[in-house]
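Colleague: Can you keep this structure in mind? I'll have questions shortly.
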């Protein structure tokens, strides 16, 4: 399908020099598993339509970070934006074309004082197989980067979701503390949720709850 894995995704990482964060994206290659009731709706025909499907609040109560106060800005992501995260944008465009990448949207919540952060990435593809492959590859990239083991089909998550926890921060990855990351494929969407918190348990509780809320807002897989 592709000529290589997608680059590790480095999106908005600085809140005007105050809040730094890790960004990670993507998910798995299967979507069957724990059933959830979801609204019946067609996949968005534009990035603006995708924006309307993203969660607006998170269980931790962290405040929303304005898109334009992040560098680079959060919000809409095009093929060019995602390719720009790679050291070889030209090659990355070829890789993304293989997945059938269309567009994405990202949203952040955070606290300047504590360094806590929650992010949601939703990317849309031309077909579900591309979304699943993209998600799975990005999850593997992050696991390799942190030298950690992905938990596949983690308990109480939809089938095929990957869970990764990181006990200690990694300055090189701009991760300031304990974190949990989940990647899930859902029809033509890949969904990634990342949380940095005071402990791994708190971060995992956040990503699980945010993921459930986000999947409930998307069209059925």
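The values are calculated or read from the model by the stated rules, or taken from the named source; none is laboratory data. This is a predicted model, so every value here is computed, not measured. Backbone-built Cβ (ideal geometry, glycine too); neighbour counts: all protein chains shown.
Colleague: Filter region 97-118 down to residues that are farther than 19 Å from residue 209 by Cα and either modelled with pLDDT under 95 or part of a helix (DSSP H, G or I) (or both), then give me how many there are.
Modeller: Within region 97-118, residues that are farther than 19 Å from residue 209 by Cα and either modelled with pLDDT under 95 or part of a helix (DSSP H, G or I) (or both) number 7.
Colleague: Here's another thing I want to ask about it. Quick check on my filter: what residues within region 81-127 are without any contact (Cβ under 8 Å) to a residue 12 or more places away in the chain and under 23 Å from residue 61 (Cα atoms)?
Modeller: 113
Colleague: Sticking with this one: Pick from 7, 25: which is at pLDDT below 90, under 20 Å from residue 161 (Cβ atoms), part of a loop (DSSP other than H, G, I, E, B) and within 16 Å of the chain's Cα centre (by Cα)?
Modeller: Checking each option against the conditions leaves just 25.
Colleague: Please go through region 161-205 and give me each residue that is surrounded by fewer than 22 Cβ atoms within 10 Å (Cβ to Cβ) and modelled with pLDDT under 85, ordered by number.
Modeller: 168, 169, 170, 171, 172, 173, 174, 176, 177
Colleague: Return the residues of region 67-80 that are without any contact (Cβ under 8 Å) to a residue 60 or more places away in the chain and surrounded by 13 or more Cβ atoms within 10 Å (Cβ to Cβ); say none if nothing qualifies. Let's see the steps before the verdict.
Modeller: Here is the first cut: in region 67-80, the ones without any contact (Cβ under 8 Å) to a residue 60 or more places away in the chain are 67-71, 75-76, 78-80.
Those that are without any contact (Cβ under 8 Å) to a residue 60 or more places away in the chain and surrounded by 13 or more Cβ atoms within 10 Å (Cβ to Cβ): 67, 69, 70, 75, 76, 78, 79.
Colleague: In region 119-153, which residues are part of a loop (DSSP other than H, G, I, E, B) and either touching a strand residue (DSSP E or B) at 6+ places or on another chain (Cβ under 7 Å) or buried (at least 24 other Cβ atoms within 10 Å of the Cβ) (or both)?
Modeller: Scanning region 119-153 gives 126, 148, 150.
Colleague: Being within 17 Å of residue 125 (Cβ to Cβ), assigned to a loop (DSSP other than H, G, I, E, B) and in contact with a helix residue (DSSP H, G or I) (Cβ under 9 Å, 6 or more places away or on another chain) is the filter here; which residues of region 46-84 pass it?
Modeller: The answer is 53, 54, 78.
Colleague: Next question, about the same structure. Determine whether region 182-205 contains at least one residue that is in a helix (DSSP H, G or I) and either touching a helix residue (DSSP H, G or I) at 6+ places or on another chain (Cβ under 7 Å) or closer than 16 Å to residue 55 by Cβ (or both).
Modeller: Looking for residues that are in a helix (DSSP H, G or I) and either touching a helix residue (DSSP H, G or I) at 6+ places or on another chain (Cβ under 7 Å) or closer than 16 Å to residue 55 by Cβ (or both), one finds at least one in region 182-205, hence yes.
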